[in-house]
1. Skipping prolines and chain starts, which residues have an amide H placed within reach, meaning under 5 Å, of the one on residue 151, given they are 5 or more residues away or on another chain?
2. How large is ³J(HN,Hα), in whole Hz, for each residue of the range 428-438 in order, when computed from phi with the Karplus curve 6.51 cos²θ - 1.76 cosθ + 1.60 and θ = phi - 60°, using x for Gly and Pro?
3. In vacuo Debye scattering of the range 419-514, one point per C-alpha: log10 I(q)/I(0) at q = 0.12, 0.14, 0.17, 0.21 Å⁻¹?
4. Which order do peptides 126-138, 336-348 fall in by mean Cβ count within 10 Å, highest first?
5. Using a 1.4 Å probe over the heavy atoms of the protein chains, calculate the carbon and sulfur portion of the accessible area of the range 283-403 as a whole percent.
6. Please work out how much length the chain gains when fully extended from residue 457 to residue 203, using 0.36 nm per residue of separation minus the C-alpha to C-alpha distance, in nm with one decimal.
7. Just how far, in whole angstrom, is the range 237-266 from the range 481-518 if you go by their alpha carbon centroids?
8. Tell me, what is the FRET efficiency for residue 254 and residue 520 to the nearest 0.05, using R0 = 60 angstrom and their Cβ-Cβ distance as r?
Amino acid sequence: METQVNQSTGSKKRPLIIGLALIAIIAIGATAYAMFIDLSPRELYLKSELNTFKAMNESFEESFGDALALSEKQMEEAYKSEARVGVEMDPSMLGAGGMEAAMIGSILSNSEIKMTTQHDPKKEEGSADVALVLNNTDLVKAEFYQNNKQTALSVPAAYDKHVYFPNNKFGDVMRKFDPAYVGMEKLQNFFKAVEGDLSEEARDEAFEEFAKVYADSVKDENVTLKEDVDFKGEKLRQLTVSLSEKETKTLLINFIEKIENDEEIMNALAEQSALQGGFNFDMTSTAPMSEEDAKKEIEKMLTDAKKAINEDLEIPGGMKQVVIVDGDDKVVSRDLSMKLGAEGETIPMNYKAESWTKGDVTNSSWVLNAGPEGEALLVDVKMESEPKGDDGKKRDIKAKFEVNENGTTQGIGFHVKGEGTDKKSNWTVQLVPAGEAPMELPDMTIEIEHKADQNLDKDYANHDYKVTLVGNDPSMGDINVGLNIKTKTTFGDKLKFPELSEDKAVNVAEMSDAEMMGMMSEIQRNIEQFVGENAQMFQGL
């Protein structure tokens with residue numbers, strides 16, 4: 001790997017550089033939506049990118065079609081979803097703990113967490129509650145409810161009424177508890193933000209638009225063709241796509257301007273980032289912010305990114321990729337390389353991907369090298385896939401992540417094996433050593449079983465998972481503990497949301513200081529009473 005390093009400068013710009021690099025790599029997946037008759041090298045390249053994307057999309061749909069269809073339906077129709085999570089464990093793991101260990105084991109085996117979500121996307125209204133269930137009885141429960149006007153909370157064990165406030169009074173409510181509060185004044189509707197993701201149709205349209213941006217950026221003179229290149233024993237066509245530094249920077253600017261000018265994408269980004277406090281890279285705050293402020297922050301970030309590309313970003317040599325195309329005009333090999341830098345410091349990057357089929361077995365690999373010599377990052381993923389039964393797949397995936405620091409390569413990897421269909425599958429995951437100085441890893445294996453009964457035409461989806469951790473630890477001995485997760489989603493049922501009437505709820509925004517103190521005192525008494533009534537269980541824990 002060719003390297004040019006100036007360790008003393010430019011370190012603060014690395015996050016920007018890496019981010020721009022990711023944009024560049026993702027850009028390679030874009031392609032023109034057109035078919036050609038007499039294909040020039042450029043036209044063959046764009047057609048091959050399109051065919052490759054379609055094949056990848058079909059494979060993704062095949063693997064995750066049920067999950068995608070369920071998610072899409074939940075964005076459009078009212079539903080109720082219940083998830084129950086229980087613990088299953090080998091009692092011998094608790095050792096000779098006597099009565100206390102026996103009590104813990106009994107509590108774990110007879111308890112579960114129940115989470116229920118209701119959401120009406122048309123009304124932009126929803127609720128989410130979580131309950132600790134012991135011996136099939138709700139021991140303690142908490143509920144969150146929200147619509148475009150109000151937010152309500154309820155913990156029956158602490159207070160017998162819902163406590164609510166208008167969303168536009170959020171700042172006033174916060175100052176009742178902390179007079180120094182200076183954060184957001186209005187609370188966003190979380191359930192509205194959940195449905196703010198782009199629909200599948202909108203995503204396809206957005207991809208098409210971005211594909212056109214990329215296609216328009218690749219000219220005839222950027223692509224050359226070489227016939228009869230050897231690949232896995234076959235003679236195939238090789239296409240070399242070369243963009244100069246100026247052309248690569250123009251491409252990045254065009255992508256950013258496409259985002260800026262697409263109102264639907266900007267609105268979706270603003271809705272999602274508003275709940276996360278915006279793009280908070282320094283992690284100093286995770287408080288929600290207004291959608292308007294989030295959009296302004298995104299606009300500024302995009303403006304700053306364009307300025308940085310034009311004034312600071314250096315791509316000596318531009319971007320070059322070599323792709324090999326099979327007889328079906330699909331990319332079977334890709335080798336992309338560039339150097340990114342600022343203020344004289346360059347970071348080499350290289351991405352290689354291959355996919356080929358022999359008989360029924362498809363082998364794929366993805367390798368990313370990035371970073372200066374002595375600090376390089378390696379991501380290496382290999383997958384072997386073959387049909388299993390009528391609709392099933394069998395996959396074997398090996399991955400490793402390595403970092404070279406001070407001349408020593410440290411890393412970690414994992415090995416995933418599994419087979420099945422979208423109705424029933426079994427997987428195992430193991431951590432494996434990687435690098436010249438591999439990390440000391442525990443002897444652990446995660447086993448995952450999935451069973452599904454989903455029929456969205458009949459308005460239901462049931463999914464059961466069993467996740468088991470099996471292994472051995474020097475301090476604990478043999479380990480065998482699992483989670484049983486059962487989910488049940490139904491559509492078409494009439495949803496039941498809390499009534500925020502005067503006799504069933506209190507508006508905390510309108511409470512006087514005296515009323516607030518009275519409520520807090522009652523909550524404290526109720527909590528103390530609850531703990532006293534369940535002291536034996538808490539002592540066991």
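1. 165, 167
2. Per-residue couplings from phi come out as 10, 10, 10, 7, 9, x, 8, x, 6, 10, x Hz.
3. -0.70, -0.76, -0.88, -1.11
4. Per-residue Cβ counts within 10 Å, averaged per peptide and sorted highest first, yield 336-348, 126-138.
5. Here it works out to 50 percent.
6. Here the segment from residue 457 to residue 203 would lengthen by 89.1 nm.
7. 47 Å
8. 0.60
The values are calculated or read from the model by the stated rules, or taken from the named source; none is laboratory data. Here the structure is a predicted model, which means the values were calculated and not measured. When we count neighbours, we look across all protein chains shown, and the Cβ atoms used for this are built from the backbone with ideal geometry, even at glycine. When the accessible area is computed, the model is the full protein with side chains, heavy atoms only, and any ligands, DNA or RNA have been set aside. Shrake-Rupley method; radii C 1.70, N 1.55, O 1.52, S 1.80 Å.
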